[in-house]
Amino acid sequence: MHDDARFDTRAIHAGQAFDPTTGAVIPPIYQTSTYVQDGIGGLRGGYEYSRGGNPTRTALETQLAALEGGAHGLSFASGLAAEDALLRTVVKPGDHVVIGNDVYGGTHRLIRRVFGDWGVRHSTVDTSDVDAVRAAIEPGTTKVLWIETPSNPLMKVSDVTALAELGHEAGLVVVVDNTFASPALQQPLALGADVVVHSTTKYLGGHSDVVGGALVFGAGERLDEVHERVKFTQFAAGAVSGPFDAFLTSRGIKTLGVRMQRHSQNALAIARRLDEHAGVERVYYPGLESHPGHELAGRQMSGFGGMLSIALAGGGAAARRFAESTELFQLAESLGGVESLVNYPSEMTHASVKGTEAEVPESVVRLSVGIEDVDDLLADIDQTLARL
């Protein structure tokens, strides 16, 4: 593969060389825990024990770095395992983290409760407001600026370049959760971020059949050092992805580009339909011109993605009825699979942040728009709205 290969080519070929022994076009799954050594310390390919490294995981990590245009990738057992390893490496008790006020509930819970109990403080701000972020940074104490764009579930769009410049002026590690957009639509490292985090469970895996997480690090001596430290944390604490999980994620990645095109097309059509309905108070989707982040999203994303949320005019009761009345949109946690899902954040993915600055309004329903025929999805939306 040429170094200047485009995205879809990298997604299919990076780290995925055919097996030299048999010629198998798909690399084998190295379902092994340990490796025979050529004498004590004589490691074949550097592999010793699968917590420290596994060829199937290495292939995925190469693929992940290529997708994001990064220097290094690490594959984890879950998205939260990736976040935990990164944070434990770059912060210590007494440090401070700035995080968005609309992020995945598990991220907020991890920082607020797990790291909070460890003595790490945080400030929750609207990261779409650069001045608010600037005001929240404590010189010398703040170590991490955590950005999620588009955000979960209210689809706020934050200016990665402006925030990265601000963060770097203060000496922070600038992290972007790119799960909603995926690297097919957004490249945070190219926009100035230091580290990208993913729940690979979502769009990268893409088929709702594997749980995983990833970190991708930008280039440069400073970030090489951060990568090495996080890699040690992963090895020492053990939150690695298994070989079959890595294989499933690699397989899913190969169709990421075409899937994201269809996700985005379907979501835009549904957002427009919902935007016309009197029972819908607001549609949160950056692909709509009415969205406050539409112009910015158009600049830093190549498409608007498959996620959208709506606020029902009838409040929480109407939102619950909507979430429990769809047919093709199945009521479930998670997102990013080929099938469409509906979620009620207040009681599901974001129940843990009730009573905090990241609390989600009870009127909000989140949709993960799949790649089914859009006319069937629109019919499901129409009949659900008719029941309200």
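Out of contact with any Pro (no Cβ under 8 Å at 6 or more places or on another chain) and of a type in the set (A, V, I, L, M): which single residue out of VAL374, VAL364, VAL360 fits that description?
Exactly one of VAL374, VAL364, VAL360 is out of contact with any Pro (no Cβ under 8 Å at 6 or more places or on another chain) and of a type in the set (A, V, I, L, M), namely VAL374.
Among the residues of the range 66-105, those identified as part of a helix (DSSP H, G or I) and in contact with a Gly (Cβ under 8 Å, 6 or more places away or on another chain) are ALA66, GLY79, LEU80, ALA81, ALA82, GLU83. Pairing residues of the range 60-80 that are on the phi > 0 side of the Ramachandran plot with residues that are crowded, with 24+ Cβ neighbours inside 10 Å and outside any helix (DSSP H, G or I), at Cβ distances under 6 Å and at least 6 apart in sequence or on separate chains, gives GLY69/LEU189. Among the residues of the range 195-213, the ones that are out of contact with any helix residue (DSSP H, G or I) (no Cβ under 6 Å at 6 or more places or on another chain) and open to solvent by less than 10 Å² (accessible area, probe 1.4 Å) come to 3 in all.
Residues that are small (Gly, Ala, Ser) and within 30 Å of ALA190 (Cβ to Cβ) do occur in the range 338-360. Out of the range 150-190, which residues are within 23 Å of THR89 (Cβ to Cβ) and part of a loop (DSSP other than H, G, I, E, B)? Correct list: ALA170, GLY171, LEU172, ASN178, THR179, PRO183, PRO188, LEU189. Looking only at residues of the range 111-136 that are in a loop (DSSP other than H, G, I, E, B) and in contact with a Gly (Cβ under 8 Å, 6 or more places away or on another chain), we find that the one that is farthest from VAL176 (Cα to Cα) is GLY119. Applying the criterion of being in a loop (DSSP other than H, G, I, E, B) and of a type in the set (Asp, Glu) to the residues of the range 1-55, the residue that is most open to solvent (accessible area, probe 1.4 Å) is ASP3.
Among the residues of the range 214-268, the one identified as within 16 Å of GLY79 (Cβ to Cβ), among the hydrophobic types (A, V, I, L, M, F, W, C) and open to solvent by 40 Å² or more (accessible area, probe 1.4 Å) is ALA237.
Confirm whether THR124 is under 18 Å from THR149 (Cβ atoms) and open to solvent by 20 Å² or more (accessible area, probe 1.4 Å).
yes
The values are calculated or read from the model by the stated rules, or taken from the named source; none is laboratory data. The shown structure was predicted, so the numbers you read here are calculated from the model rather than taken from an experiment. Positions of Cβ are backbone-derived with ideal geometry, glycine not excepted, and every protein chain shown enters the neighbour counts. Keep in mind that these areas ignore ligands, DNA and RNA; they rest on the heavy atoms of the full protein, side chains included. Shrake-Rupley method; radii C 1.70, N 1.55, O 1.52, S 1.80 Å.
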